[in-house]
Amino acid sequence: MLNRSLNSRIFMISIGAAVAIIAITLSSIMQDRTRSLQWSENHSHNIARTMAEHTARSLDAVDLTLRSIKEQAERDRRSTPRSEQEIITGFENYIASFPQIRGLILTDKNGIIRYTERKKSMGMDVHDRGYFTNHKDNADLGLLIGKPLKGRTTGKWFFSTSRRILDNTGEFDGITMALVTQSYFAKVYEATEIEQNISLAYTSLDGTIFATSPGFSDDRSDVAGQIVNLEITNPDNGSFTGSPFSNAAPRIISYVKVPGTSIYMVSSIPVDTALASWHDRTLYLALQVGAALLVLAWLTFIASRHFNKREEAESKLSEIFHIAPEALIIINGDGTIQRFNEGAERIFGYEPHEIEGKHFDLLMPEGLRKAHEIYVHNFKASKQNHLNMDRRDDILGRRKDGTEFPAAVSVSKLDSKAQTIFTVILHDITDRRQAEEDLRNALVNAEQANQSKSEFLATMSHELRTPLNAILGFSDVLMNQYFGPPGAGKYKEYAKDIHSSGAHLLELVNDLLDISTIESGKKMLSKNDIDLAEIINDCAWTVSKSCKDKNINLTISIPDELLSVYADKMAIRQILLNLLSNSVKFTPNGGTISMSADTVENGVNIKTTDTGIGIDPKYLAELFNPYSRAESKPYTAVEGWGLGLSISKALVELHEGSITINSAPDKGTTIDIFIPQ
């Protein structure tokens with residue numbers, strides 16, 4: 001009977017440990033699966049939101065074009081109309097400016113195309129097309145976005161955007177319509193660095209697909225089909241898991257409504273793809289747990305066969321107990337620690353002889369001991385024999401050195417006539433918590449980066465529009481000779497303004513191309529031995545007129561023994577010219593600017609100092625970020641992209657050099673550049 005009782009105890013302890021390991025493992029696996037799906041859902045939704053914002057801006061440009069054509073057409077009806085060639089030339093200019101527009105038409109009230117850049121379509125009857133009948137039969141619908149159609153002459157898919165035109169009495173007098181090609185959006189998808197397993201589509205509530213990313217659906221030959229099971233539960237955005245097409249594999253589908261339209265941006269990720277890494281981790285964990293369970297099963301088998309050899313069985317159990325990777329602690333009913341394995345030694349820092357016989361409270365923070373005592377008392381009195389506490393955030397362990405750590409704990413209870421035994425399996429989950437925190441921080445950083453990109457795009461739109469508006473406005477004055485024949489009035493002044501705006505626009509485009517080339521890793525240097533003094537003097541001469549206009553004192557200090565530098569001449573000139581130009585911009589009238597160069601160990605140091613407005617030190621870290629341009633960067637809060645310092649820093653680093661900035665508000669700015677020999 002004694003041997004049978006001993007065998008039963010060993011068996012129960014083994015079962016309790018196995019159940020605890022399996023319970024903790026299953027819980028960890030399911031939590032990991034939930035996190036993987038949630039991350040993929042957030043990622044898919046962020047992509048859908050970004051592309052929806054891009055689409056809204058693209059359609060705004062199309063609508064602006066249609067409004068302009070509508071106003072010009074209605075103005076033609078009230079005054080001397082323009083010639084056919086003038087109208088067609090205007091259409092061609094619009095199409096050249098906006099790549100999303102494939103064609104433009106202007107019809108009369110009977111649906112006959114009167115004007116279009118495609119001469120073979122002139123006179124075509126479109127009175128039966130939806131984009132014509134909807135405007136004809138209804139009051140002003142504003143911007144009307146039609147369903148995808150295949151062109152009668154080109155055979156290519158497009159969807160229409162149209163506006164109603166009125167005659168002098170306010171009656172319907174035709175429409176103006178822009179053909180928006182779906183291939184434009186497909187090219188945008190190809191140009192955007194999005195993972196290959198993410199599919200994108202534009203669709204309406206009835207499931208009509210307007211455009212898709214390449215490979216959106218392998219069994220579809222056009223974009224005029226239907227997405228089935230589009231579960232729109234929120235009118236603006238949302239996510240769900242389902243199959244976008246009949247008999248299709250399940251996907252995580254996110255949708256965001258394009259502002260001002262009834263079109264939705266749909267982004268989807270295959271569930272299998274979202275869970276791919278989870279499957280790998282689960283398999284690895286399963287192998288580990290399987291190995292642990294095999295070891296535990298082996299122990300139980302040996303103990304059951306040799307239950308009459310109590311000492312041998314205890315020896316085997318002790319061996320397994322100590323080699324277990326987790327912390328295993330055996331505690332009696334009053335909380336006294338009886339056994340303490342090697343895993344527990346590694347986690348808590350106690351050797352067995354230091355902790356065995358002591359109360360379990362030593363292994364937890366003092367502030368949690370009272371609550372733990374009540375918790376154990378209730379568990380001991382309950383009918384439960386297993387307790388999994390890995391989901392609680394308040395489980396903390398206390399090491400020998402007093403440090404605390406988060407833990408996942410599973411407790412098994414073994415009641416016998418003599419006493420109650422608790423088996424505690426404990427994991428130090430510090431790394432897991434840190435990984436979760438890192439993931440959250442990564443998501444925040446990704447959202448901040450996305451916001452910075454969006455703000456940069458908004459700035460880009462404004463900066464490009466300003467010189468373009470000036471060019472269009474002044475050229476309109478010249479073209480229509482508002483002030484008489486050429487040579488009279490202010491034509492020369494306006495021509496100068498057009499040239500100035502064009503030069504500014506070219507400067508913006510060059511900066512944008514420079515930063516794009518650098519960020520893509522395609523910028524190549526052509527290094528030679530160059531005369532640095534010559535380049536510095538040349539840059540000083542370039543900004544000298546601007547300094548003279550602002551009464552700024554510019555001084556250049558170059559020692560006679562300044563060595564030549566092995567570098568790219570054009571890149572060094574661009575760096576120095578950017579620094580001097582910035583100093584001129586932000587130095588008030590009557591200020592001073594100095595640039596000096598000195599030979600130092602292993603290279604040359606170039607210093608630029610000004611008495612400008614200065615920069616708050618808390619903004620210096622963001623100063624070189626090309627996509628951060630706001631009040632937080634007063635050093636770039638003037639016209640332009642604000643890319644000069646970003647380009648300069650990148651070019652310096654391509655030379656394996658360094659750039660540092662020291663500045664304070666109203667104290668001026670000093671920039672040091674080191675170029676190695």
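The values are calculated or read from the model by the stated rules, or taken from the named source; none is laboratory data. Please read all numbers here as calculations on a predicted model, not as lab measurements. Heads up, the Cβs are rebuilt from the backbone with ideal geometry, glycines too, and the neighbour counts pull from every protein chain shown. Please note that ligands, DNA and RNA were not included when accessible areas were found on the heavy atoms of the full protein model with its side chains. Shrake-Rupley method; radii C 1.70, N 1.55, O 1.52, S 1.80 Å.
Details
- Test: residue in region 151-168 that is open to solvent by less than 40 Å² (accessible area, probe 1.4 Å), among the hydrophobic types (A, V, I, L, M, F, W, C) and within 40 Å of the chain's Cα centre (by Cα): yes
- Checked against (1) loosely packed, with under 14 Cβ neighbours inside 10 Å; (2) in contact with a Pro (Cβ under 8 Å, 6 or more places away or on another chain), A52 passes all but a single condition, namely (1).
Residue-by-condition table, conditions (1) at pLDDT 75 or above; (2) of a type in the set (G, A, S):
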{"position": "T282", "(1), (2)": "yes, no"}
{"position": "L285", "(1), (2)": "yes, no"}
{"position": "G290", "(1), (2)": "yes, yes"}
{"position": "L296", "(1), (2)": "yes, no"}
{"position": "S318", "(1), (2)": "no, yes"}
{"position": "I323", "(1), (2)": "no, no"}
{"position": "E326", "(1), (2)": "yes, no"}
{"position": "I331", "(1), (2)": "yes, no"}
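- Tabulated pairs, region 558-584, first open to solvent by 30 Å² or more (accessible area, probe 1.4 Å), second in a loop (DSSP other than H, G, I, E, B), C-beta under 7 angstrom, 6+ apart or interchain: S564/D531; Y566/Q677
- Criterion violated by E519 - all others in (1) open to solvent by less than 80 Å² (accessible area, probe 1.4 Å); (2) modelled with pLDDT under 65 satisfied: (1)
- Listed here are the helices (runs of 4 or more DSSP H) enclosed by region 321-435 that have at least 3 residues being open to solvent by 30 Å² or more (accessible area, probe 1.4 Å) and within 23 Å of I13 (Cα to Cα): 342-348, 369-381.
- The set of residues in region 118-140 that are out of contact with any Ser or Thr (no Cβ under 7 Å at 6 or more places or on another chain), surrounded by fewer than 14 Cβ atoms within 10 Å (Cβ to Cβ) and among the charged types (D, E, K, R) comprises K119, D125, D128, D137, D140.
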